[in-house]
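Contents: one structure, followed by commentary.
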Amino acid sequence: MSNKLLQLVPEYRDYVWGGQRLRPGTLTAEAWVVYENDRIVNGPLAGKTLGEAAQECGAALLGENPLRRTGTRFPVLIKLLDCNEWLSVQVHPNDEQAAQMEGPDQFGKTEAWYILEAQENAKLVAGVRAGTTADVLAQSMRDGTIADHVEYHTIRTGNTIFMPAGTLHALGPGSLVYEVQETSDLTYRIYDWGRPQRAGRMLHIEQSIAVTNPQATGQVQPPVDLQSTDQRQLVQCPYFTLEILVAQTTALNLDTRGQSFHAITLIEGQGAIECGDERVTLHQFETGLVAASARSYQLRPIGPHGLRALKSSVEE
Ligand SMILES: [Zn+2]
């Protein structure tokens, strides 16, 4: 017996670059809203972590697609990041490199960002400047001048950025970001903007050189024009599918088809996820997880302004 709709308690992380928007009054860099160690607080699964529930429920929670790809481990990590300063320039290996360099049970990391809020002229780094050779890139990583060779993108609210493994990247000051990524611990840090190296923020230069793709220039997609009831795909890759949902006045009907869990993060307004007699209310930046076995369910707006939400799942 398990619930179809899961509410999780996020883990919060504070780092040197955090802000005040995720938990007003407390400096917070990251809210890990869907994470295998997050604890479930509602229904029969209450008290278990998401990872434990995934082990126990298998396809009923995860769905057939992720089960086939990555087994009973929860396959994605979803974070909200409040960036007040530059984050380190980093890169992640792909699945093959991760297994080869770090061990057979390790996974790589492909990730995507959706910009929830961006101050005027906010920038981020995604990719390497066109024409940069592998030699110049390696040399600049070793001598600490990589910031001269990366591609800076000006961003605004509603941009989506897809970053396959091997793409150099860094989030910059003045942005609030939704990030979905493969579950993986492998981050190679190349440059930390001159901040002192210390435990937990060490650099990994040779690993970075080995996995960085000099051809990868990050793609910033413009904001999508949305109708009052809408569902649009923003990113599709083997590891996750990211969509934006709009329900201004009427509920959206959604269906997991048993293929994948749906992680619904409310980004504007207020709403509720309803499935049979289960219901989870969501405020801004809260996430509800719909088990793959839920099949048909509704996302219903509450209040006069409707809602917008992001949905991550693992589709074929
Ligand atoms: Zn990253």
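Bear in mind that the values in this text are calculations on the coordinates, not laboratory data. Just so we're clear, the structure is a prediction, and the values are computed from it rather than from any experiment. Quick reminder, even Gly has a Cβ in these numbers, built from the backbone with ideal geometry, and neighbours come from all protein chains shown.
Among LEU45, LEU81, which is the only one that is within 26 Å of THR183 (Cα to Cα) and in a loop (DSSP other than H, G, I, E, B)?
LEU45
Among the candidates VAL41, VAL33, VAL89, single out the residue that is touching a residue at least 24 places away in the same chain (Cβ under 8 Å) and surrounded by fewer than 16 Cβ atoms within 10 Å (Cβ to Cβ).
On the way: VAL33 fails: surrounded by fewer than 16 Cβ atoms within 10 Å (Cβ to Cβ); VAL89 fails: surrounded by fewer than 16 Cβ atoms within 10 Å (Cβ to Cβ).
The match here is VAL41.
How about segment 109-162: which of its residues are without any contact (Cβ under 8 Å) to a residue 40 or more places away in the chain and part of a strand (DSSP E or B)?
Within segment 109-162, TYR152, THR154 meet the criteria.
Of all strands (runs of 3 or more DSSP E) completely enclosed by segment 181-280, which ones contain at least 3 residues that are farther than 20 Å from GLY127 by Cβ and touching a residue at least 24 places away in the same chain (Cβ under 8 Å)?
The qualifying strands (runs of 3 or more DSSP E) are 241-247, 252-255, 262-275.
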